[in-house]
1. Which label marks the calculated value of Cα Rg over 2.2 N^0.38 Å, given the options (1) 1.38; (2) 1.20; (3) 1.26?
2. Tell me which lysines have Cα within less than 16 Å of Lys45's Cα, excluding those fewer than 8 residues away on the same chain?
3. Need the full-extension length gain, Arg57 to Ala19, defined as separation in residues times 0.36 nm minus the C-alpha distance. One decimal, nm.
4. Where does helix 55-70 land angle-wise versus the long Cα axis of the chain, in degrees 0 to 90, nearest 10?
5. Please find the FRET efficiency linking Glu47 to Thr73, where r is the Cβ-Cβ separation and R0 is fixed at 30 Å, and quote it to the nearest 0.05.
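Computed from the coordinates by the stated procedures, all read-outs in this text should not be read as laboratory data. All values derive from a computational prediction rather than experimental measurement. Cβ atoms come from the backbone with ideal geometry, glycine included; neighbour counts cover every protein chain shown.
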Amino acid sequence: MIIYITIDKNNYVDGWGSARSSDNDIEIELDDNHEFFKTDFACWKYEDGELVFDEERQQKLIEEYEREQNKPTELERL
């Protein structure tokens, strides 16, 4: 399967699709059952023409999400 990714300044995937959306998109071919499709795409880094899963980034994103979920609401703060 051909997909097109966009990456941030640190080469992490920040978007992807099955059609090109801009001239800056990077074309990659992946198997239909590739782990990329089963995980958070933001945990993948584009290195040397390949996608590499970053477990540390995944943990960081999970921690950030949990911190946000555990914040007291405005009503709870009153």
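1. (1)
2. Lys9, Lys60
3. Result: 11.0 nm gained on full extension.
4. With both axes taken from Cα atoms, the answer is about 30 degrees.
5. 0.15
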